[in-house]
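Visitor: The structure follows.
Read-outs throughout are calculated quantities, based only on the coordinates presented, and are distinct from any laboratory measurement. Because the structure is a prediction, the values reported are computed rather than measured. Glycine gets a Cβ as well: all are built from the backbone with ideal geometry, and neighbour counts include every protein chain shown.
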Amino acid sequence: MNIEKILPKEGPSIEEVEKYIKKYSNEIIVIKCGGSVLLDKNLFNQFIEDISIVNKLGLSSIVIHGGGKNIKKKLDEQNIESNFINGLRVTDEKTIKIVEEALLELNFEILNNISKKQVNAQSVTPKNGNIIKIIPEKKELGFVGTPKEINKDILSNIVREKKVPIIVPMGIGDDGKIYNINADIAAGAVAKELNSKRLLLMTDVEGVLDKNKKLILEINSEVAKKMLEEGTISGGMIPKIYTCIDAVENGVTGVVIVDGRKPHSILFELFSDKGSGTLIRK
C-alpha cells in the first residue's frame, strides 16, 4: 500500500499514520457526523475525503449522520417551529415525515459522494435494511425513540464486504412506525453493539469546554458526570456526553467529541498525537 499516494498533503505525516494504523487494524471505527458539518461545502468535501482515506488505508468504518441543520431548514420552509427537551427534538406526525425526507436526502448525498471516491458504501435506512429497533422516548417528544436493539449481523456483513455503511438515525417501533433517534445516541448504540475501539462524534464546536470556556483534551466518565451535574455541560452537548459515558462504560475504548470544522479532523484524530477535540475514556 502506497500511503503517500492516499494521504492529503495537509493531513497527518506518513510516520504518524504508520504508527497508528496498526492500532486500528481489525477494529471498527464508528463516525457520527453532525448536520452542520454536512451543510458546509468545504467541510463536507473534507469529511467525504477522510472517510474514503480511512477505507483505502484498509480500516473499517461505519458512518451515522445527523441532519439537524438540514431538518431545521426544511421545517422553517413550512413555518414549523422546532421545540427541544434536553437537546432532543419534539417530533409530531407532520414533523417526522419532514425529518425522514431531510435525512434521506443527506444519506443519498453522502453515499453518492463517497462512491465518487472509488469507495463502496451502502445506505442503511428504516425502509432499506433497518438495523435499529426502538423504544419510544417520553410521550411529550412524540415520534422520538431510543435504540433497544441493533442488528449487528446486517452491519457486520456490510463491513465484511469492505463497504462503508451509511446509517440514517431512525428506527422502527413495535407499532411498525418510524421514529427519529438523536444521531449521537444512535451512534453510541451501534458502537456499543460492535465493541468499537473508537467512536467519533463530529460537531461544530471545539469539544468539551470547562467553566472558563477552555478546551478539555481528555476526561474520564466520572468527571463528565460531575460536569453534567454542575451544569457546565448544557444544550445539545447533553445527549452527546450521556452517549460518551454510556459507550465507554459499555465496552467502547474511547469516544472523541471532534471539532469537525478543523481541516481533516478525522485523520488527525485517528492518526496523530494531537487529536481534534476531547477524548473521553472510562
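Visitor: Which of Asn42, Asn70, Asn195 ends up with the largest GNM mean-square fluctuation for the chain, with Cα atoms connected below 10 Å?
Guide: With Cα springs under 10 Å in the chain, the top fluctuation among Asn42, Asn70, Asn195 is at Asn42.
Visitor: Say the dipole of region 115-154 comes from +1 at the beta carbon of Lys and Arg and -1 at that of Asp and Glu; which of Gly142, Gln122, Ile132 then lies farthest toward its positive end?
Guide: Working it through, the farthest residue towards the positive pole turns out to be Gln122.
Visitor: Here's a follow-up. Rounded to whole Å and ordered largest first, report the semi-axes of the equivalent ellipsoid of region 193-241 derived from its Cα gyration tensor (root of 5λ). The partial results should precede the final answer.
Guide: Working: eigenvalues 77, 34, 24 Å².
Semi-axes, largest first: 20, 13, 11 Å.
Visitor: On a straight-distance basis, which aspartates and glutamates could pair with Lys74 in a cross-link, Cα separation under 18 angstrom, same-chain partners fewer than 8 positions away excluded?
Guide: Asp40, Asp92, Glu93, Glu100, Glu101, Glu105, Glu109
Visitor: Give the relative contact order (percent, whole number) for the chain; include only Cα pairs under 8 Å separated by 6+ residues. Could the numbers behind the result be given before it?
Guide: Values: 566 pairs, mean separation 63.8, N = 282.
Value for the chain: 23 percent.
Visitor: Put +1 on the Cβ of every Lys and Arg and -1 on every Asp and Glu Cβ in the chain; which of Val223, His65, Gln46 then has its Cα farthest towards the positive end of the dipole?
Guide: Farthest towards the positive end: Gln46.
Visitor: Amide H to amide H, which residues 5 or more places from His65 or on other chains are under 5 Å from it, using H placed in the peptide plane?
Guide: The list, which skips near neighbours in sequence, is Cys33, Ile167.
Visitor: While we're on this one: Among the listed pairs Lys22/Lys274; Lys69/Lys240; Lys127/Lys148; Lys211/Lys240; Lys127/Lys282, give every one whose C-alpha distance is greater than 26 Å. Could you put the intermediate results ahead of the total?
Guide: On the way: Lys22/Lys274 18 Å; Lys69/Lys240 17 Å; Lys127/Lys148 18 Å; Lys211/Lys240 18 Å; Lys127/Lys282 35 Å.
Pairs exceeding the cut-off: Lys127/Lys282.
Visitor: With a 10 Å cut-off between alpha carbons and a GNM built on the chain, which of Asn250, Asn83, Asn45 moves the most?
Guide: Looking only at Asn250, Asn83, Asn45, the biggest GNM fluctuation is shown by Asn83.
Visitor: Average the reciprocal distances over every distinct pair of alpha-carbons in region 26-281, invert the result, and give the Kirkwood radius in Å.
Guide: Numbers: mean 1/r = 0.0552 Å⁻¹.
Result for region 26-281 stands at 18.1 Å.
Visitor: Under a plain spin-label model, where a point goes 7 Å from the Cα along Cα-to-Cβ, how far apart in nm are Asp210 and Lys133?
Guide: That separation, rounded to one decimal, is 4.6 nm.
Visitor: To continue, here is another question. Looking at the chain as a GNM with Cα springs under 10 Å, which of Thr146, Thr232, Thr125 has the largest mean-square fluctuation?
Guide: Comparing Thr146, Thr232, Thr125 in a Gaussian network model of the chain, the most mobile one is Thr232.
Visitor: Among DSSP beta bridges lying fully in the chain, give the percent that are antiparallel, nearest 5. Display every interim value, and only then the final one.
Guide: Numbers: 16 of 45 bridges.
Restricted to the chain, the bridges split so that about 35 percent are antiparallel.
Visitor: Could you give the distance between the Cα centres of region 122-144 and region 176-246, to the whole Å?
Guide: 20
Visitor: In the chain, which whole DSSP H runs stretch at least 27 Å along their own axis (Cα) and average -0.5 or higher on the Kyte-Doolittle scale? Mind showing how you got there, number by number?
Guide: On the way: long enough: 93-115 (33 Å, 0.20).
Membrane-span-like by this criterion, though nothing is claimed about a membrane: 93-115.
Visitor: Restricting things to alpha carbons, tell me how big region 1-86 is in terms of Rg and Dmax, in Å.
Guide: 17.2, 52
Visitor: Measure up Lys41/Lys116; Lys41/Lys139; Lys56/Lys133; Lys56/Lys152; Lys138/Lys197; Lys56/Lys262 against 25 Å on the Cα-Cα distance and list the ones that go over. Write down the numbers at each step before the final one.
Guide: Values: Lys41/Lys116 16 Å; Lys41/Lys139 37 Å; Lys56/Lys133 31 Å; Lys56/Lys152 23 Å; Lys138/Lys197 31 Å; Lys56/Lys262 21 Å.
Checking Cα-Cα distances, Lys41/Lys139; Lys56/Lys133; Lys138/Lys197 exceed 25 Å.
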